[in-house]
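Read the structure below first, then the notes.
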Amino acid sequence: MYCREAAALNRLSAEFIDREPKMEPNQPLLAVENLSRQLSERWLWRGVSFELVPGDCVGLVAPSGAGKTLLMRNLALLDPIQQGDVRFEGKTPSEWGLPTYRSQVMMVPQRAIALDGTVQDNLAQVFDLDIYRQRRFDPTILQTWLQKLGRGPDFLNLQGTRLSGGEAQIMALLRALQLNPRVLLLDEPTASLDAATTAQVESLLHDWLQHSSRACLLTSHDTEQIRRVTHRQINLGEFGKRL
Amino acid sequence: METDYIAISYGQLALAALLIVVNVGLSATLRLGLGQSLLIAALRMVVQLLLIGFVLEWLFTQDNALIILAIALVMTAIAGIAAVNRTQRRFAGIYWHSLLSVLAASALVTGFAMVGIIRVQPWYDPQYLIPMLGMVLGNTLNGISLGLDRFMEGLITQRDQVETLLALGATRWEAAHPQVRNAIRVGMIPTINSMMVMGLVSLPGMMTGQILAGANPIDAVRYQIVIMFMIAAGAALGIFGVVLLAYRRLLSPDHQLRLDYLEETQ
């Protein structure tokens, strides 16, 4: 009995923390300093420094092959950092613990991967991960988002592995959004989507960023989209040329 | 030792070697291109076995535990290295992982059998220790090869899925344990299969040997049962150990999938 109450209390406080992050004004959410990346002998980019403050939506632009995806993978710590420093709310990923850090700074890769089962299974089963054990899958918020993306509720019943590239991207975006990360790293989030859905995703992203404590870094091959969605741009090519 | 069996002379061995002509002929007719490897393999088999015959003859007269343990260790090391040599990919430390797993698994299982089950006096009596260790090593080696290979291939083919989970906040265990499980399962399949059909489809070599040497079939069967349980336990422990060690290497403490550690062998 005691255990159950304690768990409920924990869950309450976890939700409370989720909704009301304590933020010092102007403290950067994500601070990147002097980040460099080498592939065998060649430096892809060097000395990349920038900050994401709450409310930011920043575009990461560069020619193909300049290492945009690798930068995102570095920010999500999916690849080890060779040189430089990444901090979320002033603490390094190791200080946070990697699963905690990644639940806050979440990368959505360009190639969306469906896990086993239906779309709903895909969305629900991530709550089995230890890091989210105090949270619950919430279908109602998903209904709202699906509506904004022009999908019916039956989208949830589609088989994950049979989704088209675009549908899988939507699924992967929703899977990340529902986990309520603070920083989203979106790698070509609309690459496989038609124009109408792209506009809907952009508007959903815009709504999501209205929350004062969130930020987003986004790559896109579509310069118009970068201009529409982001507040400013980081040109990764600049960090490569300087070598 | 009683000798109520027909000893085989070198002339009779040469006669048996003629049977390889069947394989070479088949390879030549169908142009399988196996002729050379077949001859080399046959030659190696004959030379290695004759040599080991002499070694064993000498070994069985020894009464020094250290010498016998040294031989056992050499056998274990060869098994550990051979297990890795058959995998398609390598990473730094893979040989140590394999050696450690083979050593721990075979020492535990063989030690338990010698001291606890058969109760050999003295416990290191080479007539028992060496053949039993050999049986356990041979099977553990196969299991480790299969398990390691499957684990590495599994991580490569399922890379996107593993990293998707990691990116969502999964721990390295949450992201990769399906691959660990699958690798252990695949490594165990040969042992389980052979237990399934043992006596029905296959008459195990050791049992056949004992029967040929004049042992009572019931006694031979009992030894075979003990050996099979040893093999099953040894393989399971070895595979479990080596896959877990590889997991700890290829999924870093920072919960990263380090496929960059893998190198393909030619």
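The values are calculated or read from the model by the stated rules, or taken from the named source; none is laboratory data. Everything numeric in this text was worked out from a predicted model, so none of it was measured. Here the Cβ positions follow ideal geometry from the backbone for every residue, glycine too, while neighbour counts run over all protein chains shown.
Structural remarks
- Test: residue in the range A:151-169 that is of a type in the set (Asp, Glu), in contact with a Leu (Cβ under 9 Å, 6 or more places away or on another chain) and in a helix (DSSP H, G or I): yes
- Every residue from the range A:145-162 that is of a type outside the set (D, E, K, R) and either within 14 Å of another protein chain (Cβ to nearest Cβ) or within 20 Å of the chain's Cα centre (by Cα) (or both): A:TRP145, A:LEU146, A:LEU149, A:GLY160, A:THR161
- Count of the range B:25-44 residues which are exposed (fewer than 12 other Cβ atoms within 10 Å of the Cβ) and either at pLDDT 90 or above or in a helix (DSSP H, G or I) (or both): 7
- Members of the range B:207-219 that are over 15 Å from B:ALA7 (Cα atoms) and under 22 Å from the mean Cα position of the chain (by Cα): B:MET207, B:THR208
For every residue, the table says whether it meets (1) charged (D, E, K, R); (2) within 14 Å of B:ILE239 (Cα to Cα); (3) touching a residue at least 40 places away in the same chain (Cβ under 8 Å).
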{"residue": "B:ALA65", "(1), (2), (3)": "no, no, yes"}
{"residue": "B:ALA72", "(1), (2), (3)": "no, no, yes"}
{"residue": "B:ILE94", "(1), (2), (3)": "no, yes, yes"}
{"residue": "B:ASP125", "(1), (2), (3)": "yes, no, no"}
{"residue": "B:MET135", "(1), (2), (3)": "no, no, yes"}
{"residue": "B:LEU141", "(1), (2), (3)": "no, yes, yes"}
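- The range A:143-199, subset surrounded by 18 or more Cβ atoms within 10 Å (Cβ to Cβ) and basic (Lys, Arg), residue farthest from B:GLY169 (Cα to Cα): A:ARG151
- Considering the range A:67-104, the residues that are more than 9 Å from chain B (Cβ to nearest Cβ) and charged (D, E, K, R) include one that is surrounded by the most Cβ atoms within 10 Å (Cβ to Cβ), namely A:LYS68.
- Test result for B:THR76, in the same structural domain as B:ILE144 (by TED's automatic domain parsing) and part of a helix (DSSP H, G or I): yes
- For the range B:177-203, taking the residues that are over 18 Å from the mean Cα position of the chain (by Cα) and assigned to a helix (DSSP H, G or I), the one that is farthest from the other protein chains (Cβ to nearest Cβ) is identified as B:VAL197.
- Any pair with Cβ under 9 angstrom, 6 or more apart, that starts in the range B:165-190 at a residue that is on the phi > 0 side of the Ramachandran plot and ends at one that is of a type in the set (Gly, Ala, Ser): B:GLY169/A:SER103
- Filtered by the rule that a residue be of a type in the set (A, V, I, L, M), in a helix (DSSP H, G or I) and farther than 30 Å from B:GLN127 by Cβ, the range B:1-24 gives B:ILE20, B:VAL21, B:VAL22, B:VAL24.
- When B:GLN62 is tested against (1) surrounded by 15 or more Cβ atoms within 10 Å (Cβ to Cβ); (2) not in a helix (DSSP H, G or I), just one condition goes unmet, and that condition is (1).
- Contact annotation: residue pairs with Cβ atoms under 9 Å, 6 or more positions apart or on different chains, pairing a residue in the range B:102-119 that is on the phi < 0 side of the Ramachandran plot with a partner that is of a type in the set (D, E, K, R) and not in a helix (DSSP H, G or I), are B:MET114/B:ASP125.
- Of the candidates B:GLU153, B:GLU264, B:GLU174, the single residue that is within 14 Å of chain A (Cβ to nearest Cβ) and either of a type in the set (D, E, K, R) or closer than 30 Å to B:ALA7 by Cα (or both) is B:GLU174.
- From the options A:THR190, A:THR198, residue that is free of Cβ contacts under 8 Å to residues at least 40 places away in the same chain, within 19 Å of A:PRO109 (Cβ to Cβ) and part of a helix (DSSP H, G or I): A:THR198
- Test for B:GLN12: is it more than 24 Å from the chain's Cα centre (by Cα), at pLDDT 90 or above and more than 21 Å from B:THR110 (Cβ to Cβ): yes
- Checking A:LEU205 against (1) out of contact with any Cys (no Cβ under 8 Å at 6 or more places or on another chain); (2) in contact (Cβ under 8 Å) with a residue 60 or more places away in the chain, the condition it does not meet: (1)
- Within the range B:225-266, restricting attention to residues that are in a helix (DSSP H, G or I) and basic (Lys, Arg), the residue that is surrounded by the fewest Cβ atoms within 10 Å (Cβ to Cβ) is B:ARG248.
- Considered as a group, the residues in the range B:99-153 that are in a helix (DSSP H, G or I) and polar (S, T, N, Q) include one that is modelled with the lowest pLDDT, and that residue is B:GLN127.
- Taking the range B:183-224 as the range and being under 30 Å from B:GLU153 (Cα atoms) and crowded, with 17+ Cβ neighbours inside 10 Å as the test, the residues that pass are B:ALA183, B:ILE184, B:VAL186, B:GLY187, B:MET188, B:THR191.
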